[in-house]
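The next block holds one structure in the form of structure tokens; read it before the comments.
The values are calculated or read from the model by the stated rules, or taken from the named source; none is laboratory data. In this text, all values refer to a predicted model and were calculated from it rather than measured experimentally. Positions of Cβ are generated from backbone atoms using ideal geometry, with glycine treated the same way; all protein chains shown enter the neighbour counts. All accessible areas refer to the heavy atoms of the entire protein, side chains included, with ligands and DNA or RNA removed. Shrake-Rupley method; radii C 1.70, N 1.55, O 1.52, S 1.80 Å.
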Amino acid sequence: MAGSTFGKAFSITTWGESHGAGVGVVVDGCPAGLEISAEEIQSELNRRKTGQSQMTTPRQEKDLIQIMSGVFEGKTTGTPISMLVYNEDADSSKYDEIKDKFRPGHADFSYLAKYGMRDHRGGGRSSARETVGRVAAGAIARKLLAHYGVKVVAYTKELGGIVAQKIDFDEIERNLVRCPDPDVASQMVEIVLQAKKELDSLGGVAEVVAIGVPPGLGEPVFDKLDAEIAKAMLSIPAIKGIEFGAGFALARMRGSQSNDPFINVGGKIGTIENKAGGILGGISTGEDILVRLAVKPTSSIAREQNTVNIDGEATTIEVRGRHDPTIIVRAIPVIEAMLCLTLADHLMRQRLARLEYIQ
């Protein structure tokens, strides 16, 4: 299947289906000598896995990572890194009942239109189960970024209309919705549980920030850093909108308001408000990269909905099974992974941009 590879100098190829034998990823372009362990990768996968709380699907997948190649004695060898996670708790029976019906909000119809066939078991390749490979690869990219002093953090900014007013990174993993504001996190939990009780789901807004990104990352014209980040984020299931820095608010400003004056900050050039979100002309400025994402509600809900079958006949559908009442909680580590992967790729590409970087 085309479209399963992301990145150029630091690239990944994910594989596998939701209800197949397993899922995984091949990472290519990681420099030799990077210290990485299965435990570090597992730590990131544990944040993404199912069955964490009432905020997530009860499907029980341990997501135990197996490193098949590319790591020896705790360090990368410079060769392709292949990683595998077996599916252990897939239940396809609920999907057999609706295999001839199109689930609203899902890719059932579009996949059939493209390929003339589809894997109805949990959506197959279109399932968020595919993101296991992204998070595993993202753990390696995160370690590489740390070598250059870069840190990536994502969190739930808004959920069900409730907006975080404080941003405290230490609070993110202390509550069930990964919200950086403890004063509203409990409210978010309550409305998710209410939606779940009503056989419904909720969407939200995620925010992700990259701190310590050096200036100069990104390529002119088509491979601009913000364009590459946008592609990375919009490739994540359920992400339907994106903005950088001040984002859509800029559309309601005059140029005199949107222009952000440059200043000297401790010997480094920066801007007063970072309205551009750390990227100008598609190239990083050295300021924090700030990205905001619209995350749609989980499409699989147990309510009766109108749809059609593969013959175009009107019918109804109830999507039973085990699903997240909100996607955003488990999307947070995926969002972090995709920003890590994009930045790692451009860090490696930057080494080829100037003669002095080539030893």
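Compute, for residue 163, the solvent-accessible surface of its heavy atoms (probe 1.4 Å) with the complete set of protein chains present, and express it in square angstrom to the nearest 10.
50 Å²
Please state the charge dipole magnitude for the chain, taken about the Cα centre, from unit charges on C-beta atoms (+1 on K and R, -1 on D and E), reported in debye and rounded to the nearest 20.
420 debye
Note down the accessible area of residue 120, probe 1.4 Å, to the nearest 10 Å².
40 Å²
So what J values fall out for the stretch 121-133 if you push phi through Karplus, 6.51 cos²θ - 1.76 cosθ + 1.60 with θ = phi - 60°, rounded to Hz, Gly and Pro as x?
Couplings: 6, x, x, x, 6, 7, 5, 5, 4, 4, 6, 3, x Hz.
Can you give me the Rg/Rh ratio for the stretch 203-336, using Cα atoms for both radii and the Kirkwood formula for Rh?
Rg/Rh: 1.14.
List the lysines whose Cα sits under 21 Å from the Cα of residue 8, skipping any in the same chain fewer than 8 residues away.
Partners within reach: 143, 224, 231.
When the helices in the chain are scored as -39500 (n - 2.57) per DSSP H run of 4 or longer and the sum is shared across all residues, what 222 nm value do you end up with, to the nearest 500 deg cm²/dmol?
Values: 8 runs with 93 residues, N = 359.
My calculation for the chain gives -8000 deg cm²/dmol from helical runs alone.
If you add up the charges near residue 151, with Lys and Arg at +1 and Asp and Glu at -1, over every other residue whose beta carbon is less than 12 angstrom from its beta carbon, what do you get?
Around residue 151, the surrounding residues sum to 0.
Just how much of residue 170 is accessible, in Å², when a 1.4 Å probe is used and the result is rounded to the nearest 10?
In the full protein context, residue 170 sits at about 110 Å².
Using only Cα atoms, locate the centre of the stretch 203-265 and the centre of the stretch 307-327, then give the distance between them in Å, rounded to an integer.
Each part reduced to its Cα centre gives a spacing of 35 Å.
Quick one: which residues, 5+ away or cross-chain, put their amide H under 5 Å from the amide H of residue 157? H built at 1.01 Å from N.
HN-HN under 5 Å from residue 157: 205, 206, 207.
Tell me the net charge near residue 166. Cut-off is 9 Å between Cβ atoms, residue 166 excluded, with +1 for each Lys or Arg and -1 for each Asp or Glu.
With Lys, Arg at +1 and Asp, Glu at -1, the neighbours total -4.
Provide the descending list of Cα extents for the stretch 13-163 along its principal axes, expressed in whole angstroms.
50, 39, 28 Å, listed from the longest principal axis down.
Divide, for the chain, the radius of gyration over alpha carbons by 2.2 N^0.38 Å, where N is the residue count. Don't skip to the end; give the middle numbers.
Working: Rg = 21.0 Å, N = 359, 2.2 N^0.38 = 20.6 Å.
Expressed relative to 2.2 N^0.38 Å, the Cα Rg reads 1.02.
Enumerate the aspartates and glutamates that residue 49 could reach by cross-link, defined here as Cα to Cα under 17 Å, with residues fewer than 8 away along the same chain left out.
Hits, sequence-local ones excluded: 17, 39, 40, 61, 63, 88, 89, 91, 130, 173, 324, 336.
Can you tell me the dipole magnitude for the stretch 15-164 around its Cα centre, using point charges on the Cβ only (Lys, Arg +1; Asp, Glu -1), in Debye to the nearest 20?
Roughly 420 debye, rounded to the nearest 20.
Karplus couplings for the stretch 7-20 from phi (6.51 cos²θ - 1.76 cosθ + 1.60, θ = phi - 60°), rounded to Hz, Gly and Pro as x?
Result, rounded to whole Hz: x, 10, 7, 10, 10, 10, 10, 9, 8, x, 10, 3, 10, x.
How much area per residue is accessible in the chain when the probe is 1.4 Å and only protein heavy atoms are counted (Å²)?
48 Å²
Taking R0 as 30 Å, what FRET efficiency do you get between residue 197 and residue 173 from their Cβ-Cβ distance, rounded to the nearest 0.05?
After rounding, the FRET efficiency stands at 0.70.
Given an 8 Å cut-off on Cα distances and at least 6 residues of separation, report the relative contact order of the stretch 36-163 as a percent.
Normalised by residue count, the contact order of the stretch 36-163 is 23 percent.
Let me have the relative contact order for the chain, percent, based on Cα pairs under 8 Å that are six or more residues apart. Working shown, then result.
On the way: 757 pairs, mean separation 78.0, N = 359.
Reported relative contact order: 22 percent.
To make sure I understand the rule: partners must be lysines, Cα under 22 Å from the Cα of residue 99, and not fewer than 8 residues away in the same chain. Which ones qualify?
List returned: 114.
If amide H atoms are built 1.01 Å from N in the plane of the peptide, which residues on other chains or at least 5 residues away come under 5 Å of the amide H of residue 279?
Placed amide hydrogens put 285 under 5 Å from residue 279.
Report the local net charge at residue 2: Lys and Arg +1, Asp and Glu -1, summed over other residues whose C-beta lies under 14 Å from its C-beta.
+2
Mind telling me which of 133, 281, 218 comes out most flexible in a GNM of the chain, alpha-carbon contacts under 10 Å?
Highest fluctuation among the options: 281.
Have a look at 283, 294, 321 and report the one farthest towards the positive end of the charge dipole of the stretch 235-334, computed about the Cα centre with Cβ charges (Lys/Arg +1, Asp/Glu -1).
Among 283, 294, 321, the one farthest towards the positive end of the dipole of the stretch 235-334 is 283.
How large, in percent, is the carbon and sulfur part of the accessible surface of the chain at a probe radius of 1.4 Å?
Working: 9060 of 17090 Å².
Summing carbon and sulfur atoms, their accessible area is 53 percent of the total for the chain.
List, in order, the whole-Hz ³J(HN,Hα) value for each residue of the stretch 233-243 obtained from phi through the Karplus relation with A = 6.51, B = -1.76, C = 1.60 and θ = phi - 60°; use x for Gly and Pro.
My calculation for the stretch 233-243 gives 6, 6, 7, 7, x, 5, 7, 10, x, 8, 8 Hz in order.
So how do 115, 95 rank on accessible area, 1.4 Å probe, biggest first, that is with the largest at the start?
Highest to lowest solvent-accessible surface, that is 115, 95.
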